[in-house]
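**Q** The structure under discussion is supplied below as structure tokens; questions concerning it will follow.
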Amino acid sequence: AQTVTQSQPEMSVQEAETVTLSCTYDTSESNYYLFWYKQPPSRQMILVIRQEAYKQQNATENRFSVNFQKAAKSFSLKISDSQLGDTAMYFCAFGKTSYDKVIFGPGTSLSVIP
Amino acid sequence: SQTIHQWPATLVQPVGSPLSLECTVEGTSNPNLYWYRQAAGRGLQLLFYSVGIGQISSEVPQNLSASRPQDRQFILSSKKLLLSDSGFYLCAWSPAVQETQYFGPGTRLLVL
């Protein structure tokens, strides 16, 4: 069975600094998809970034980038120039085409300190 | 563009009362639909998902049920609520499992 682990329940970072959130997953599949979702205090879940496993190039989205290490089954999220609006719960998630659901990790609560 | 609606936004119900939460999607057809529950400060628990009308997969055995009477309508129900049913309920849709999930605004349910 697929599992997603986020080993950091809580993290904090100073405004304008860089922070990395870790995520590891377990699968025997070779073709799958990985996601990072953000849930701010409003509780509205939104996608931060998406990575296709067959692509070696790490996905980036403005200040957000990932470090995808397929062999290590690691998918960390780097947030550069942290802003107060980045304060949120961050969920790592795994999905595959032959599997109709997405597996979410337990989440990391990130606080950006002014 | 696609939008997802959930209602009500907040609900306070007594133990033993029935429940019906509705989720509708606009601007797309044949979406994958999902119901999640989230306890305060916790992760997402997948309750049900559906890949088509009348097709419901249950992830967690409990006193909740789901139905998909129309292509873009997903309903979460209970005949008798328990205290443990309190939580934040999120509906989501995606074009396919490998695509982004788009979440509704959620329903806060408090069972007293």
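The values are calculated or read from the model by the stated rules, or taken from the named source; none is laboratory data. Values in this document were obtained by computation on a predicted structure and should not be read as measured data. Here the Cβ is made from the backbone with ideal geometry for all residues, glycine too, and neighbour counts use every protein chain on show. Remember, those area values only see protein heavy atoms, side chains included, never the ligands or the DNA or RNA. Shrake-Rupley method; radii C 1.70, N 1.55, O 1.52, S 1.80 Å.
**Q** Could you tell me whether B:GLU99 is under 19 Å from B:THR3 (Cα atoms) and open to solvent by 40 Å² or more (accessible area, probe 1.4 Å)?
**A** Yes: the conditions hold for B:GLU99.
**Q** Does region B:40-52 contain any residue that is within 11 Å of chain A (Cβ to nearest Cβ), in contact with a Leu (Cβ under 6 Å, 6 or more places away or on another chain), assigned to a strand (DSSP E or B) and more than 27 Å from A:THR108 (Cα to Cα)?
**A** yes
**Q** Another question about this same structure. Quick one: which strands (runs of 3 or more DSSP E) sit completely within region A:68-114 and have at least 1 residues that are more than 13 Å from every other protein chain (Cβ to nearest Cβ) and open to solvent by less than 20 Å² (accessible area, probe 1.4 Å)?
**A** Where strands (runs of 3 or more DSSP E) fall fully within region A:68-114 and carry at least 1 residues being more than 13 Å from every other protein chain (Cβ to nearest Cβ) and open to solvent by less than 20 Å² (accessible area, probe 1.4 Å), they are A:74-79, A:108-113.
**Q** Can you work out which of the residues in region B:1-39 that are of a type in the set (Ser, Thr, Tyr) and not in a loop (DSSP other than H, G, I, E, B) is modelled with the lowest pLDDT?
**A** Step by step, filter region B:1-39, then rank; the result is B:THR3.
**Q** Follow-up. Within region A:29-55, which residues are assigned to a loop (DSSP other than H, G, I, E, B) and either more than 8 Å from chain B (Cβ to nearest Cβ) or open to solvent by less than 10 Å² (accessible area, probe 1.4 Å) (or both)?
**A** Passing the criteria: A:GLU29, A:SER30, A:ASN31, A:TYR32, A:PRO40, A:PRO41, A:SER42, A:MET45, A:ALA53, A:TYR54, A:LYS55.
**Q** Filter region B:53-65 for residues that are part of a strand (DSSP E or B) and either touching a Lys or Arg at 6+ places or on another chain (Cβ under 9 Å) or more than 13 Å from chain A (Cβ to nearest Cβ) (or both) and give the result.
**A** B:GLN55, B:ILE56, B:SER57, B:LEU64, B:SER65
**Q** Additional query: Just to be sure I understand the filter: pairs with C-beta atoms under 8 Å, separated by 6 or more residues or on different chains, first member in region B:57-76 and open to solvent by less than 60 Å² (accessible area, probe 1.4 Å), second member of a type in the set (A, V, I, L, M, F, W, C) and in a loop (DSSP other than H, G, I, E, B). Which pairs pass?
**A** Sorted first by the residue in region B:57-76, then by its partner, the pairs are B:ASN63/B:LEU81; B:ASN63/B:LEU82; B:ARG68/B:ILE53; B:ASP71/B:ILE53.
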